[in-house]
Amino acid sequence: MTLADRSSMAAMSRVIGLVLLLTAVGPVGPAPLAVSSVALAQPASPPPQQLPPHLRGAFAPVAEDGVIQQFVMNVPGHVDGFILTTGMQVAMPPHMGEAAASLWKPGDRVRIDGFRGVRNGLAQVVLAWGIHSTEDERSLVDEPSRRPPPPPRPGPEETVTGRVRQVLFTIEGQPVGAILDQGPQLAWRPDQIWEERPLIPGATVTARGRLKSGRAGAVLAVDALTVEGGS
């Protein structure tokens, strides 16, 4: 073998070695960009057990950011959601609501993962399955196996009159309570139907029921409701 032949074979070996090295390491170029925090605003995959079977597929996943204005309670006196400063109602199971009220307070900014429910002229409701602080590491994800603490003991029967600031709804659009300009929050069961004038913000109502003091303040479990003095 001549000297020229040996030089040619050595050069070919170096080329083959370089090709093998590039194949093992991968293409050379700028490192891929890290996923920005903006991507976190996209709705995460919801826990399949969050919605009852007859509602699954009826409500689209959604992610919302906002500032908590106040917590709201249900008939037993458990926290079952909060209102954002935008007026959006964020509903959740009471075991999750009680945990949320222990982690956050009015004025805190949060991101909500959930399902978009009723959205009309009176309400925008989101059923939350996850709540995350946008300012620190606080985070809460629904665990259906949890149970809320014992409800507060009901107080004496009281009658409250006030002006409605906001009507509270279920994700399906059933009214289940109201926030008044002053005084306790009102709460009733979805199956309680009041044969009254439309319950809208600005209406004056008189409610009778048992007053309860919970983690988020006072709530009147309504037994009877009159809107603007008559039906």
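Values in this text are rule-based calculations from the coordinates and carry no lab data. Worth saying up front: this structure is predicted, and the values here are computed from it rather than measured. Counting neighbours? That spans all protein chains shown, and the Cβs are built from the backbone with ideal geometry, glycine included.
What's the ranking of 88-99, 136-147 by average number of surrounding C-beta atoms within 10 Å, highest first? Write out the running numbers ahead of the final one.
On the way: 88-99: 22.8, 136-147: 12.6.
Top of the packing list down: 88-99, 136-147.
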| task | Run the dipole for segment 142-185 about the Cα centre, Lys and Arg Cβ at +1, Asp and Glu Cβ at -1, nothing else charged, and hand back the magnitude in debye, nearest 20. | result | 80 debye
| remark: Taking placed amide H atoms and a strict 5 Å upper bound, the residues 5 or more places from Glu228 or on another chain that come that close are Thr204, Val205, Thr206
| request: Take the Cα atoms of segment 135-231, find their three principal axes, and give me the spread along each one in whole Å, biggest first. | output: 48, 30, 28
